[in-house]
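For reference, the structure discussed in these notes is given below.
The numbers here are math on the coordinates, done by the rules we state, and not lab data. Predicted model, so just to flag it, every value in this text is computed and none were measured. No Cβ is skipped: glycine too gets one built from the backbone with ideal geometry, and neighbour counts run over all protein chains shown.
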Amino acid sequence: MRIKFKLDGEYVEVDAKHTDTLLKILKDKLVVGSVHFGCGEGTCGACIVLVNGRPRYSCLTLAGYVDGKEVTTVAGLAHDGELSEIQKAFLENDAAQCGYCTPGMILTAKALLDRNPSPTDEEIFDALAGNLCRCTGYVPIINAIKSLSKKR
Amino acid sequence: MSQVASGYYAPASLRDAISLKRRLREKALFVAGGTAAVQLVSKMIAEPEAIISLEKVPLDYVKIRGNVVEIGATTPISRLLETRGLPTALREAAENIHGLALKDMATVGGNIFTPAPAGDIATALLSLDATLVLRGTRGVRTVPLSKFYRGPLKYNIKADEVLTAIRIRRPPRLSSFLKQTPWRYSGPTIASVSVGLDLDKNKKARRVMVAIGGLTTHPYRVKRAERLLTSKKLTSELIEEAAKHLVDNVDIIDDALASSWYREVIAQVLFKKILNRFI
Amino acid sequence: MSGQFAAVGAPIKNVQLLGHVTGTTQYVDEISFPGMLWIKAVRSPVARGKIRKIDTSRAEKVPGVIKIITAKDVPNNIHVNMAGIGIGPPDEPVLPEDEVKYKGEAICLVVARDEETALKAAQLVEVEIEELPPVLDMEEALKPDAPVITKWGVNAFIYGSGMDGATKPGRPGRPFFLVRRGDVETAFKQADKVVKGSYVIPPIEHAPIEPHVCVAKPEPGGKLTIYTTTQAPYFVRDNVATILNIPASNIRVIAPAVGGGFGGKVDPEFEMQVAVAAMRVGRPVKWRWTREEEFTISTTRPAIKVEMEDALSKDGLILGRRARLLHDSGAYTRTSPYGVIKSTVNLSGPYHIPNVYYEGYCVYTNRQPSSAMRGYGVFEVSYAVELQMERDARTLGVDSWEFRFKNAYRNGQVTATGRPIDDAYLVEVMKEAASLAGVKLPPHLLQMSSWG
């Protein structure tokens, strides 16, 4: 089947099998560098993208689902070379080490802040439960999100 | 029967979904939120000729009218958290689903079909005496959730039926859900307990519903413990006594996540924690 | 302090951060070439067995399957691992010829046009295995009647015999690494109290969020470029060169950003297999491990067991220590003989014990091979040592802070292996730790120092 969707603001059309996951299409067909395979079962969050603004594990989303929808990756958050607020906060708080989990973390954080501009620590921990990081120990990531929570 | 091409189907109406299911039967994989079903495909455990996705069928709703709560089958877990007035156990089970993305993707209806270590919403619904609304080509049928499981991955549903809604009539005034996972912030269920309870003014239980999740493929009700607690004043001794009967004749899962011994102990701890709050 | 120096004590930004937050950091999984093929392995369903037959006929008929790689396709079928730096012996085949030694060991590789086709075909390869009794427990493995799973007749590495390639061959050696100092027998005779402890740690998986991924691309003139998730490109190059029988200068190993390694990406584990496949089919080939493979095939921190016995004086000193350490190497050697040396020499911890006798065993079992993980060999033993210190203090009825302060290394002392200590800071570190933890130490401990 042919599916058409908006990827970071641009329309893309791609051939997909009915059993293809969005992750497979993004990685192996469209070669999107920021979407990562980690577990394939919705535990680690390295493959998270926003679909119509809501976070989804692309490894658990079939390609057909995004037909006619808008997919946002972390690359789509910056505008005209200017980083978004959340990207700046991660940068300032050193909220990444190896970086493999970072795009998923940033997108989940964005989805959280879009819904709840001043989350409590507990709400941040809870929202990020589906994003695993093996390097940072989470503290700088939580700090990055908290820094925005205060700003708003 | 007409040939149906392999492919991805996203019917816009329930009627279309039911007729597709009837035509394709086992050739098709039904997908609601996808959190369990898509893994079957991506790991090539199943190779369906077609996918029927419920994403466009308008079943994403929560209605609370008088004493009846009705939840559409494709309502995502996050919707439960955005809705006021739902029984506490249901909210607590929803809060414990793993992270923001899974809460947005996983559906209430899908959760009912998902085996341990998932299925927390089903455990909560079981303690609320929920009923399932199944619609097929020959009309609507309702089945109490307590009569829906017929063994591991065997459900009381016909080939042409679709689960459309979950109904809770007369939700108990008190309810609570607790679960134990290997991690602090949600994750796979080692054991979960959900209790629905109506107490009279003397703290005697008029109605008690106890559901246990995580110990078996699907959650179950504990009739023996419920009978012990009914019509008696709730005391810690009584709770202690009832806790002894949570796993009578139950073949508890023993795997890498947790031993059967540990699951049993945890179920008892959670059960006592919940009920002691209501004394 | 930071005020006096430009670099020391000054925070430094991770240079990759901008790439991480914009999603432009390049990992191996983004590397793709036209005509690139994919690998899936057929893995052993049993922990130990003789391979009787590999029937690939059904799998070969699957449209899109290019080739099935078996041991026959490997020019020099021996994984040299780190023999180049004296860590051996090279006892692991790239693909097994007749025997599988752990559950999940790759038996053959399906190379196909995409991942699904490779997986589907791999499920159609029929392997006939005669199951043999496996050795899964370290104590069992060392018993005289245990099934022998190594080529040299004992389920342990023989130290001092030259089998690692680093020491002179031909000597009898011992099935353990020995650390001995002072007179441990006398120390135990003079002891006021003897405390025994036994400590076990299971294997620990590194669990990086990025699984193992490798792309090998044949280049003109018999050359090969390998893109891989490695912490040690040179180990990969040396292994591949030996296995393919080509000069190392023909091989270029590119290690882009690694999505977490923690020691789990030090060993060349699968690059050799990808390289062989790529050279055989003459096209770029990619292998991306699944999370299941990450947990069940990739190396882990070794399981260990430590039995310890301390001779204590009533005034709170450790007079002597005996210890026996078992380290689970799994089915093959990898880096374990080296890890055992690290573990054994660290059995004193950061404490001064004048009389010691330590035996460290590198044990082979039919489990996935273990290897390095952060603080390789030391972390495992620290757990045992510190629990033993607590146990010692409780038995003597003294505060465990006091016990540690008394026994901490002082400058001028000598370690069990004979190294003079000139950089001891444990007393100072413990004072700082106590203050951070809000523990009030008595004045006589606060007066102590590493210099006396």
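Before moving on, here are some points about what is shown:
- Helix-only mean residue ellipticity at 222 nm for chain A, each DSSP H run of n ≥ 4 adding -39500 (n - 2.57), per residue, nearest 500: -8000 deg cm²/dmol
- Look at the Cα gyration tensor of chain B: its axes a ≥ b ≥ c give a/c of at least 1.5 with a/b over b/c, and that counts as prolate.
- Cβ neighbours within 10 Å from other chains - mean over A:27-36: 5
- For peptide C:25-35, the mean count of partner chain Cβ atoms within 10 Å of a residue's Cβ comes to 3.
- Annotation: aspartates and glutamates with alpha-carbon distance below 13 angstrom to B:K56 (same-chain offsets under eight excluded): A:D67, B:D16.
- Label zone at C:K189, where the point sits 7 Å out along the Cα-to-Cβ direction: the stretch C:344-359 residues whose backbone N lies under 19 Å: C:354-357
- Applying both filters, DSSP loop and at most 16 other Cβ atoms within 10 Å, to the trypsin sites (Lys or Arg not before Pro) of the stretch B:37-94 gives B:K43, B:K56, B:R84.
- Averaging Cα coordinates gives a centre for the stretch A:73-152 and one for the stretch C:281-329; these two points are 35 Å apart.
- FRET efficiency, 1/(1 + (r/R0)^6) with R0 60 Å, evaluated for B:L40 and C:E428 via beta carbons: 0.55
- Extreme residue, positive dipole direction of the stretch A:85-151, given options A:P119, A:L132, A:T102 (C-beta unit charges): A:T102
- For chain C, the dipole from Cβ point charges (+1 on Lys and Arg, -1 on Asp and Glu) about the Cα centre works out to 520 debye, to the nearest 20.
- Antiparallel DSSP beta bridges within the protein assembly as shown, percent to nearest 5: 80 percent
- Approximate spin-label separation C:E60-C:Q16, in nm, with each point projected 7 Å along Cα-to-Cβ: 4.2 nm
- Note on chain C: percent of Cα-Cα distances in each 20 Å bin, starting at 0 and stopping at the bin with the largest distance, equals 22, 47, 26, 5, 0.
- Cross-link table C:K103/C:K217; C:K50/C:K305; B:K21/B:K154; C:K151/C:K223, entries beyond 22 Å C-alpha to C-alpha: C:K103/C:K217; C:K50/C:K305; C:K151/C:K223
- Gyration tensor verdict on the stretch C:64-162 (Cα atoms; rounded if a/c is under 1.5, prolate if a/b is larger than b/c, oblate otherwise): oblate
- Electrostatic dipole magnitude of the stretch C:230-383 [Cβ: Lys, Arg +1; Asp, Glu -1; Cα centre; debye, to 20]: 480 debye
- Intensity falloff of the stretch C:264-352 expressed as log10 I(q)/I(0), Debye formula with alpha-carbon point scatterers, at q = 0.11, 0.22, 0.24, 0.26 Å⁻¹: -0.53, -1.12, -1.21, -1.30
- Span-like helix ranges in chain C, DSSP H, alpha carbon extent 18 angstrom or more, Kyte mean at least -0.5: C:378-396
- Cross-link pairs exceeding 22 Å between alpha carbons, from the set A:K24/B:K158; A:K17/C:K67; C:K101/C:K143; C:K61/C:K120; B:K223/B:K273; B:K201/B:K232: A:K24/B:K158; A:K17/C:K67.
- Projecting the Cα atoms of B:G33, B:V68, C:V381 onto the charge dipole of the protein assembly as shown, computed from C-beta unit charges around the Cα centre, puts B:V68 farthest toward the positive end.
- Neighbour counts of other Cβ atoms within 10 Å put C:Y199, C:Y425 in the fewest-to-most order C:Y425, C:Y199.
- Label-zone membership for the stretch A:20-51, site A:D114, 7 angstrom Cα→C-beta point, backbone N under 14 Å: A:48-51
- Order of C:W289, C:W401 under a 10 Å beta carbon neighbour criterion, fewest first: C:W401, C:W289
- In the protein assembly as shown, a dipole from Cβ-located charges (positive for Lys and Arg, negative for Asp and Glu) runs towards its positive end, and of B:L100, C:P233, A:G76 it is B:L100 whose Cα lies farthest in that direction.
- Label-to-label distance, C:R171 versus C:V439, with points set 7 angstrom from Cα along the beta-carbon direction: 4.2 nm.
- Charged side chains reduced to their Cβ positions (Lys and Arg at +1, Asp and Glu at -1) give the protein assembly as shown a dipole of some 2760 debye around its Cα centre.
- Computed from the C-beta positions of C:K223 and A:A78 and an R0 of 30 Å, the FRET efficiency is 0.20 to the nearest 0.05.
- Kirkwood Rh in Å, taken over the protein assembly as shown so that all alpha-carbon pairs contribute: 30.6 Å
- Taking B:R138, B:R227, B:R22 as the candidate residues, the one with maximal mean-square fluctuation in a Gaussian network model of chain B, Cα springs under 10 Å, is B:R138.
- Cα gyration tensor shape of the stretch B:1-100, rounded if a/c is under 1.5, else prolate or oblate by comparing a/b with b/c: oblate
- Under the simplified labelling scheme, the B:I64-C:E307 pair shows an inter-label distance of 6.4 nm, with each label point 7 Å from Cα along Cα→Cβ.
- Taking other C-beta atoms within 10 Å as the exposure proxy, A:L22, B:L246 rank B:L246, A:L22 from fewest upward.
- Counting Cβ atoms of other protein chains within 10 Å of each residue's Cβ and taking the mean over peptide C:254-260 gives 4.
- Acute angle (nearest 10 degrees) that the helix A:102-115 long axis makes with the longest principal axis of chain A, alpha-carbon atoms: 80 degrees
- FRET efficiency, 1/(1 + (r/R0)^6) with R0 45 Å, evaluated for C:V398 and B:S260 via beta carbons: 0.60
- The stretch B:112-126 and the stretch B:167-202: distance between their alpha carbon centers, rounded to Å: 12 Å
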